[in-house]
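Data block below; observations after.
Just so you know, all these numbers are worked out from the coordinates, no wet-lab data involved. What you see is a predicted model, and the numbers here were worked out from it, not measured in a lab. Quick reminder, even Gly has a Cβ in these numbers, built from the backbone with ideal geometry, and neighbours come from all protein chains shown.
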Amino acid sequence: MSSPISSALPSLPVPDDQAIAGRPAPVCERHGVAKDAIAAAPNRAQLWICPKCADEDRSRATRLAHFDHDQKTRAAEQQRKQADLERRIGAACIPERYRDYTFDTFPNTDERAVVVLQRMRTYANRWYEAKKRGVSVLLLGDVGTGKTGIACATANQIVRMDHQTALFITAYGAVRHMRDTWGRKGKTEREALDDLLLPDLLILEEVGANVGSDAEMTALFEVLNGRYAARKPTFVLSNLPLDDFRDAAGSPRPGLQTFLGQRVIDRFRDDGSFVVSLDWPSLRGARK
Ligand SMILES: Nc1ncnc2c1ncn2[C@@H]1O[C@H](COP(=O)(O)OP(=O)(O)O)[C@@H](O)[C@H]1O
Ligand SMILES: [Mg+2]
Ligand SMILES: [Zn+2]
C-alpha cells in the first residue's frame with residue numbers, strides 16, 4: 001500500500017541519458033552531448049552551459065581584457081608621445097610663419113638651391129650622426145634667400161624625431177636672454193646659458209646684426225663656444241658675407257669672419273661642419 005503522501009505527488013521523471021521531461025539532452029553544437037552535465041544538474045538542463053564553451057568564453061574574456069588593456073596602454077603611450085612632441089615643437093620657438101616649412105615647400109627650384117636643399121635634407125636624415133659628431137652649419141646669404149626657411153625646415157624634421165629638441169632664437173635674443181640675468185636675482189647667467197646649451201640643435205638667427213657692447217659680444221661667444229665644446233650642433237644664419245665688404249654707399253663693412261673671428265669661423269670647417277651659401281636672388285614675394 002502506498003502512502004497517501006507519496007501517491008499525492010506526481011511522479012518525477014527519472015533523468016536518463018537521452019532526455020529530461022521529454023527535452024532532449026543538452027547538446028553543444030561544437031562539443032557534442034555532455035552526459036556529465038545531466039548527471040550534475042538534471043533539472044537544470046535548460047540552463048546548462050557547455051563547460052568547454054564556458055572555458056573558451058573565459059579565456060576569450062581574458063584575452064579581450066588583455067587586448068583592452070594593451071589598447072589603453074598603447075593609446076596612453078600615443079597620447080604621451082603626442083604631448084611630448086607638442087611640447088618640443090612649442091619649446092623650439094620656430095616662428096609661426098616657418099612652422100610648416102619643409103624641404104619640399106621651398107619655392108626655389110634653381111639648381112644651386114637643389115644642391116643646398118639636398119645637403120640640408122641629408123643632414124636632417126642623418127641627424128643622429130650629425131648630433132653625435134656635433135656637425136654645425138653656417139648659412140650665409142642675402143636677405144630673403146631662404147636661410148631661415150631652410151634652417152626651420154631642418155629643425156621641423158628633427159624635432160619630430162623622438163625626444164629631439166631644438167631652439168630657434170636670434171643672436172640678439174640669445175644675448176638679451178643672458179643679459180637679462182645680469183645684476184638680478186632669479187635666474188642666474190649660468191642657467192640662462194644652459195637654456196641655450198641644452199637644446200640638441202640651436203638656430204642662431206641674424207648673427208652679425210644688433211649685438212652691441214663687448215659684454216654682449218662675449219655672451220654670444222659663450223653660447224657659440226659652449227656649444228662647440230659640448231659638441232652640440234648650431235646653425236648660424238647671417239646676411240653678412242664671410243669677407244669684409246663695402247656697403248651700397250661704398251663704406252667698408254666687416255664680414256662675418258671679422259665679426260666672429262677666424263677661430264669661430266674655422267670651426268664651421270671642422271668635424272664635418274660646413275658653410276652653405278644661398279647664392280640667389282631674394283625669394284620674398286616670389287610665387288611658387
Ligand atoms: N622651406 C620653405 N618653404 C616654403 N617657403 C619658403 C621656405 N623657405 C623660404 N621660403 C620662402 O622664401 C622667403 C624668404 O625666406 P627666408 O627664410 O625668410 O629668407 P632669409 O632668412 O634668408 O631672409 C620666405 O618668406 C618664404 O616665402
Ligand atoms: Mg631670416
Ligand atoms: Zn561547447
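General observations
- Averaged over residues, the count of other Cβ atoms within 10 Å places the peptides 65-77, 239-251, 170-182 in the sequence 170-182, 239-251, 65-77, highest first.
- Here the label points at residue 230 and residue 68, each 7 Å from Cα along the C-beta direction, are separated by 4.7 nm in the simple model.
- Label-to-label distance for residue 213 and residue 161 is 4.0 nm, based on points extended 7 Å past Cα in the beta-carbon direction.
- Neighbours of residue 115, meaning other residues whose beta-carbon lies under 14 angstrom from its beta-carbon, give a summed charge of 0 when Lys and Arg score +1 and Asp and Glu score -1.
- R0 of 41 Å, Cβ-Cβ distance residue 239-residue 80: FRET efficiency to nearest 0.05: 0.50
- Whole-number percent relative contact order across the range 59-160, with pairs defined as alpha carbons under 8 Å at least 6 apart: 44
- The range 92-278: C-alpha gyration tensor shape, a/c 1.5 cut-off, then a/b vs b/c: oblate
- Residue-count net charge about residue 153 - beta-carbon cut-off 10 Å; Lys, Arg +1, Asp, Glu -1: -1
- Charges were assigned to the Cβ only: +1 to each Lys and Arg, -1 to each Asp and Glu. The resulting dipole of the range 92-278 about its Cα centre is roughly 380 debye.
- Electrostatic bookkeeping for residue 236 treats Lys and Arg as +1 and Asp and Glu as -1; over the other residues with beta carbon under 15 Å from its beta carbon, the sum is 0.
- The residue among 62, 177, 163 whose Cα reaches farthest toward the positive pole of the charge dipole of the range 54-202, with charges on the beta-carbon of Lys, Arg, Asp and Glu, is 177.
- For the range 178-277, with +1 on Lys and Arg beta carbons and -1 on Asp and Glu, the positive-most of 204, 193, 260 along the dipole: 193
- Two-site label geometry, residue 31 and residue 262: point separation in nm, points 7 Å out along Cα→Cβ: 8.9
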